[in-house]
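The values are calculated or read from the model by the stated rules, or taken from the named source; none is laboratory data. What you see is a predicted model, and the numbers here were worked out from it, not measured in a lab. Glycine gets a Cβ as well: all are built from the backbone with ideal geometry, and neighbour counts include every protein chain shown.
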């Protein structure tokens, strides 16, 4: 890859990040001119108390001065203090990070593998019963709100059949440790993970299928067949490796959405991750928390985008240059 | 994009069974939304007017879809909820398409630094994750149906802008545009007479596909407690059902209809939009 290409992409990502920071600041500060007033709406605070709070939140001075103060704090890794728990936003986010990564990361990987397998079969035999069935299923999962699917799953499997716990990270007040604690947590994660995997699988299946359809017509497949390779061999050795590229970039992009991917579903299963933290911040409203979460969600997606761009430049010399 | 005659579009469309199915479903839901006051009594929406009703009643002759935790009729909420979903879906799409088209046409036509600046902005908006931005905006702006519409359109215009810009760039180079210019046509005239008619079918297809996304976003925002508190909507019904503990009470009649309604409308729009896109864009026809 040419260094120019890499530098250009990195600068592009940085500019996007800066844009997010600016939006993040001014959205909360300009639309909402005096956060202290709206944060403590309905509470009886003396003018002195309000002034002290304004000082504490860097709210004295002009908007630009406030913005520099915000940027300075940000670069030092300070995202402010949560209004609800009175703890640093970074601590709150740090605690909620791993449950979300475990849940959505697993679901994304699962749906990716299943979606690719479905897409390969569907695209290879176009208009077969399998193709029509799986495409209908994909369209259906695309139309279902994930949180409603979560409600159905919770109602059916946890309440009616009682085969899964109704929510949480582990049994309340559990004293289990080691393997049995892990098994308990996996048992709690299974249902939300299944719901998310179903919600995501359609996208992978559709992309893989349409990429296969493009590949099926290529000359090199005819050649492979003419060589006398069996159908399965042609598919596995010649079609799939060429067709899988769009899915690779889609997956890389979607891993950027792992952090923000389960906002509504987590709240249904009271999964103590970033999604539930977001919902609680909305309920507050806890603006510093919302700001921090939005910044984190955006940064993850920006990074994933950068990774995909660089990956493409690496894999395809026409894009990245030698 | 080639010009497909209008009759040809209708003919191909009628042959597509899934698209016709989508159209029928949409017409039914539209009728339900428009005729809502004739179909159900809007007293069913009010907790005060429902004080004498049994709470958590199963579906029966009196209440076709049962009642909720406040004794309100679920059927009334379902029928009136369709109004909000369809209204928000359509309005948000109109604004999305309007913003996207204006940005796309201006960028494609102005070229140079205006184009570069607008495309940078578009890229920024494209990369920022859609739902978190919508959530943050809605949380800051407050709850209201127009805020929801604003939030959805301000977060979803970039893909339309790109589509329109690409189309403008190809149309701009055509000979008949040169001819019009040579004859002294103004920029505005060229845009109105030559560019827009050529871009319109593409915009139409992308609009049809933007509606289901808008509806799903409205539903999610309402479920997260960011919807209009004064109006019954499917997302709000689901939120209230969840908060009131409908799941642990196995009150399926409370949370099943709203979800099915969303699925039906979103699926119908998607089937309709995909068929339209396929007919209007020959490259997709083989799929």
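Summary table below
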| item | result |
| --- | --- |
| Residue within the stretch A:263-274 that is surrounded by fewer than 22 Cβ atoms within 10 Å (Cβ to Cβ), within 15 Å of residue A:97 (Cβ to Cβ), touching a residue at least 12 places away in the same chain (Cβ under 8 Å) and more than 9 Å from every other protein chain (Cβ to nearest Cβ) present | yes |
| Checking residue B:255 against (1) closer than 18 Å to residue B:72 by Cβ; (2) more than 8 Å from chain A (Cβ to nearest Cβ); (3) crowded, with 20+ Cβ neighbours inside 10 Å, the condition it does not meet | (2) |
| Single residue of the stretch A:275-290 satisfying the filter (assigned to a helix (DSSP H, G or I) and more than 9 Å from chain B (Cβ to nearest Cβ)) that is farthest from residue B:242 (Cα to Cα) | A:288 |
| Residues of the stretch B:88-130 that turn out to be on the phi < 0 side of the Ramachandran plot and not in a helix (DSSP H, G or I), as a count | 2 |
| Residue, farthest from residue B:269 (Cα to Cα), within the stretch A:125-136, restricted to residues that are in contact with a helix residue (DSSP H, G or I) (Cβ under 7 Å, 6 or more places away or on another chain) and part of a helix (DSSP H, G or I) | A:130 |
| Sole residue being away from every other protein chain (no Cβ under 13 Å), over 16 Å from residue B:69 (Cβ atoms), surrounded by 19 or more Cβ atoms within 10 Å (Cβ to Cβ) and in contact with a helix residue (DSSP H, G or I) (Cβ under 6 Å, 6 or more places away or on another chain), chosen from B:207, B:222, B:180 | B:207 |
| Helices (runs of 4 or more DSSP H) within the stretch B:133-246 that include 1 or more residues closer than 30 Å to residue A:279 by Cα and without any contact (Cβ under 8 Å) to a residue 60 or more places away in the chain | B:145-156, B:158-172, B:196-223, B:234-243 |
| Candidates A:167, A:173 - the one that is farther than 26 Å from residue A:136 by Cβ, touching a helix residue (DSSP H, G or I) at 6+ places or on another chain (Cβ under 8 Å) and in the same structural domain as residue A:103 (by TED's automatic domain parsing) | A:167 |
| Residue A:212 being more than 25 Å from the chain's Cα centre (by Cα) and under 17 Å from residue A:118 (Cα atoms) | yes |
| All helices (runs of 4 or more DSSP H) inside the stretch A:141-254 with 2 or more residues being modelled with pLDDT under 90 and more than 13 Å from chain B (Cβ to nearest Cβ) | A:178-216, A:219-226, A:240-243 |
| Residue satisfying all of: in the stretch B:89-123; surrounded by 21 or more Cβ atoms within 10 Å (Cβ to Cβ) and within 14 Å of another protein chain (Cβ to nearest Cβ); nearest to residue B:191 (Cα to Cα) among these | B:122 |
| Count of the stretch B:25-56 residues which are assigned to a helix (DSSP H, G or I), out of contact with any helix residue (DSSP H, G or I) (no Cβ under 6 Å at 6 or more places or on another chain) and touching a residue at least 40 places away in the same chain (Cβ under 8 Å) | 1 |
| Selection from the stretch A:1-22 of residues that are within 9 Å of another protein chain (Cβ to nearest Cβ) and farther than 9 Å from residue A:309 by Cβ | A:15, A:16, A:19, A:20 |
| Complete set of residues in the stretch B:134-143 that are surrounded by fewer than 22 Cβ atoms within 10 Å (Cβ to Cβ) and either in contact with a helix residue (DSSP H, G or I) (Cβ under 8 Å, 6 or more places away or on another chain) or at positive phi (or both) | B:140, B:141, B:142 |
| Subset of the stretch A:291-318 [part of a helix (DSSP H, G or I), free of Cβ contacts under 8 Å to residues at least 60 places away in the same chain and more than 9 Å from chain B (Cβ to nearest Cβ)] | A:304, A:307, A:308, A:317, A:318 |
